[in-house]
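To start, the structure itself, in structure tokens.
Read-outs throughout are calculated quantities, based only on the coordinates presented, and are distinct from any laboratory measurement. Please read all numbers here as calculations on a predicted model, not as lab measurements. All Cβ positions, glycine included, derive from the backbone under ideal geometry; neighbour counts span all protein chains shown.
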Amino acid sequence: MFKRTDPKALNQNVFSAIGNQWMLITAGAGDRCNTMTASWGGLGVLWGKNVATVYIRPQRYTYEFMENGSWFTLSFFREEHRTALNLCGSRSGRDTDKIAACGFTVASGAGGAPYFEEAELVLVCKKLYWQDLDPAHFLDPDIDRANYPGRDYHRMYIGEIVEALVKG
């Protein structure tokens with residue numbers, strides 16, 4: 001059972017939670033959604049709002065869902081779900097029902113945003129802004145060379161965190 005909490009009351013180390021433990025970015029609605037594993041992103045305050053920033057490449061199936069909706073979620077899991085997170089990061093939802101393969105149960109947050117009952121922490125976000133990363137703005141050319149050999153630059157999405165759900 002999840003308990004709503006103020007995002008400012010969270011005490012997780014966001015660097016570890018995103019960069020080491022990973023998260024699932026999920027968009028869509030109900031049984032028509034897709035999810036992907038991410039280890040890039042950020043949490044903070046922007047425009048006087050608690051926000052999450054995520055990055056999705058245009059070839060990812062989740063990109064279509066992000067483009068067509070106004071809501072997304074970030075779900076964080078315990079280590080026991082590492083195999084499922086690996087699957088969600090290595091297979092496309094176009095070819096695999098990743099949610100069924102992981103045994104996840106879809107629930108809905110604000111705006112009908114899909115998340116997973118098996119998560120420990122869920123951030124429900126309403127999209128506020130997007131922008132495509134522009135290679136002309138890399139001040140360190142090694143970032144471009146190392147991360148974008150295919151020139152497939154991420155789209156950045158900033159969402160207001162409207163619900164923080166913690167497993168109680």
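Annotations
- Residue match in region 114-137 (condition: of a type in the set (Gly, Ala, Ser), closer than 21 Å to Tyr61 by Cα and free of Cβ contacts under 8 Å to residues at least 60 places away in the same chain): no
- Scanning region 1-52 for residues that are farther than 15 Å from Ser75 by Cα and part of a loop (DSSP other than H, G, I, E, B) turns up Asp6, Asn11, Gly30, Asp31, Trp47, Gly48.
- Just one of the numbered conditions (1) crowded, with 20+ Cβ neighbours inside 10 Å; (2) farther than 22 Å from Ala107 by Cβ is not true of Ile18: (2).
- Segments classed as helices (runs of 4 or more DSSP H), wholly inside region 69-150, with at least 1 members that are closer than 30 Å to Lys8 by Cα and in contact with a helix residue (DSSP H, G or I) (Cβ under 9 Å, 6 or more places away or on another chain): 82-90, 98-102
- When residues of region 99-113 are limited to those that are in contact (Cβ under 8 Å) with a residue 60 or more places away in the chain and of a type in the set (Val, Ile, Thr), the one surrounded by the fewest Cβ atoms within 10 Å (Cβ to Cβ): Val106
- Residue in region 71-78 that is of a type outside the set (Asp, Glu), surrounded by fewer than 19 Cβ atoms within 10 Å (Cβ to Cβ) and in contact (Cβ under 8 Å) with a residue 60 or more places away in the chain present: no
- In region 149-168, the residues that are out of contact with any Lys or Arg (no Cβ under 9 Å at 6 or more places or on another chain) and surrounded by 15 or more Cβ atoms within 10 Å (Cβ to Cβ): Met156
- Selected residue (criterion: surrounded by the fewest Cβ atoms within 10 Å (Cβ to Cβ)) from residues of region 53-65 that are of a type in the set (Ser, Thr, Tyr) and assigned to a strand (DSSP E or B): Tyr55
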